[in-house]
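In what follows, a structure is listed as structure tokens, so that the remarks can point back to it.
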Amino acid sequence: MRVWPLTRELAAPLVILVAAWLVAPHASALPASLAGLRQHGPYLVIALGIALSIAFKRGRVLLALLTLAAAQLARHAYLHPGAATDAAYTVFAALCLFVPFNLAALSLIAERGIFNRHLAQRAAVLLAQMFLVAWLVRHRHNAFAEAIYATLVETRLLARSPLPQIGMLALAIAFGIALARWFARRSAIDLGLTGALAAFALAAHGVTTHTAFETYLSAAALILVVAVLQDTFRMAFRDDLTGLPSRRALNERLASLPRRYTIAMLDVDRFKGLNDRFGHDVGDQVLKMVATRLARVGGGGTVYRYGGEEFSVVFPGKSVEEALPHLETLRRDVADYRLELRHPGRSEAPGVEKKRRSEREGRSVAVTISIGVADSGDGSATPQDVIQAADRALYRAKNRGRNQVSR
């Protein structure tokens, strides 16, 4: 995993958390005209997130925001600073248990959109939790809070936090689950849920102060808002199979190129034959493998999924001569790799699947690419002209025997 992409993904939630940490001690000093933000600010951010979640059909984020809204309502009703009633202890214990449980569970389940039975079932769990807490408070069942506040480890360090130790454990486990899911899927929504868990942990730790809870809860909601926007951007400008920038992203880039640039068109050799012989699942494996290696291009180049088995590389500010060594490195890197064939992830017709599986068993394949490259010359050519020239060079590479770079 390269450091820069990881840092770029983490930037937004980290910046929001740091900003909340800086603002929290001073939020009580807001002028009278803005004093309402202390109480209503979290609801405004949550409402914005709910609107975006509905617009972009992100059911998991919608439920996470509803969980945060329930936490803020509980804060306003029972957990105002100075409250030390049995009801406050019960409600806070429930928040320390149910909020991390809900956010971790949302990181594990698949996105199913909104306005369907899946969302209704998941919302029913949240409502059941709220009714359970209301019932505990109404009938003064303090045994629940006593169980959550049980001491697991005798230590002064943990005693400084208002969080019960079981609540700390729940938050740690939930954070670990969400973080693992993000590492596995690298989804903006999963990272948003992880960041929201971190922000809620800070909010719960500051529940006894006047503004910390609201500030960090607003940060949790804002992290989820940003996650929805990032995920929507990814869908619009990233290819879902390979993770590379899509054709749409390429078109945007072509509109802002400098006067001098080089464009290469790359095609996987004999890709149709691989698909026909081994099935589309192997074809997908091949495209992912090729994309992974192409993404390592040097020389300031950026790789795009052009369509099908075809890719593009754009080198701003470079001539063909300057780009050729980097393209040759890509060609050689792909040709030297042998792809181990795996069983299909989806079913085919029984007879076809059995035949293809037997052909795949214990086998690996070598894949090659052909590359055509052209540059903008004196700057009078349009990007489409350069792409067409690179396409013609690609066909020359194919006609000369494939697995080579042509200009």
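FRET efficiency for I54 and A134, Cβ-Cβ distance as r, R0 = 30 Å, nearest 0.05?
Values: r = 26 Å, r/R0 = 0.88.
Computed FRET efficiency for I54 and A134 comes out at 0.70.
Could you state the principal axis extents of the C-alpha atoms in segment 156-291, from the largest down, to the nearest angstrom?
Largest first, segment 156-291 extends 66, 42, 21 Å along its Cα principal axes.
Which number comes out as Rg/Rh for segment 102-194 once both Rg and the Kirkwood Rh are worked out on C-alpha atoms? List each step's numbers first, then the result.
On the way: Rg = 16.6 Å, Rh = 15.7 Å.
That ratio equals 1.06.
In a Debye calculation with equal point scatterers on the alpha-carbon sites of the chain and no solvent, what is log10 I(q)/I(0) at q = 0.08 Å⁻¹?
-0.60
Mind checking which of S28, S107, S187 has the largest fluctuation in a GNM of the chain, springs on alpha carbons under 10 Å?
Between S28, S107, S187, it is S28 that shows the largest mean-square fluctuation.
Could you give me the ³J(HN,Hα) list for segment 63-78, computed from phi with Karplus coefficients 6.51, -1.76, 1.60 and θ = phi - 60°, whole Hz, x at Gly and Pro?
5, 5, 5, 5, 4, 5, 5, 4, 5, 5, 4, 5, 4, 5, 7, 10
Using DSSP to define loop residues, name the trypsin sites (Lys or Arg not before Pro) in segment 90-139 whose beta-carbon has at most 16 other beta-carbon atoms within 10 Å. Mind dumping the intermediate values first?
Working: sites: R112, R117, R122, R138; in loops: R112.
Qualifying residues, ordered by number: R112.
Would you kindly calculate the translational diffusion coefficient of segment 3-236, applying Stokes-Einstein with the Kirkwood radius from alpha carbon pairs, for 25 °C and a viscosity of 0.890 mPa s, and quote it in µm² s⁻¹ without decimals? If you can, show how the numbers build up before the last one.
Details: Rh = 18.1 Å.
Stokes-Einstein gives a translational diffusion coefficient of 136 µm²/s.
Suppose R0 equals 56 Å; then what is the FRET efficiency for A255 and L152 from their Cβ-Cβ distance, rounded to the nearest 0.05? Walk me through the intermediate numbers first.
Details: r = 59 Å, r/R0 = 1.05.
The pair A255/L152 has a calculated efficiency of 0.40.
R0 = 35 Å: FRET efficiency of H76 with F233, Cβ-based, nearest 0.05? Write out the running numbers ahead of the final one.
On the way: r = 34 Å, r/R0 = 0.97.
So, using R0 = 35 Å, E works out to roughly 0.55.
What residues qualify as long-range amide H neighbours of T368, i.e. H under 5 Å apart, gap of 5 or more or another chain, H built at 1.01 Å from N?
D269
Please list, by residue number, every one of the trypsin sites (Lys or Arg not before Pro) in segment 225-260 that is coil in DSSP and has at most 16 other beta-carbon atoms within 10 Å.
Numbers: sites: R234, R238, R247, R248, R253, R259, R260; in loops: R259, R260.
In loop regions of segment 225-260 (DSSP not H, G, I, E or B), the sparsely surrounded trypsin sites (Lys or Arg not before Pro) are R259, R260.
Count the lysine pairs in segment 247-406 whose Cα atoms sit under 23 Å apart, keeping only pairs 8 or more residues apart in sequence or on different chains.
Working: K272/K288; K272/K354; K272/K355; K272/K398; K288/K398.
Lysine pairs meeting the criterion: 5.
Each value in this text was obtained by applying a stated rule to the coordinates, not by laboratory testing. Model, not experiment: these values are computed from the prediction. All Cβ positions, glycine included, derive from the backbone under ideal geometry; neighbour counts span all protein chains shown.
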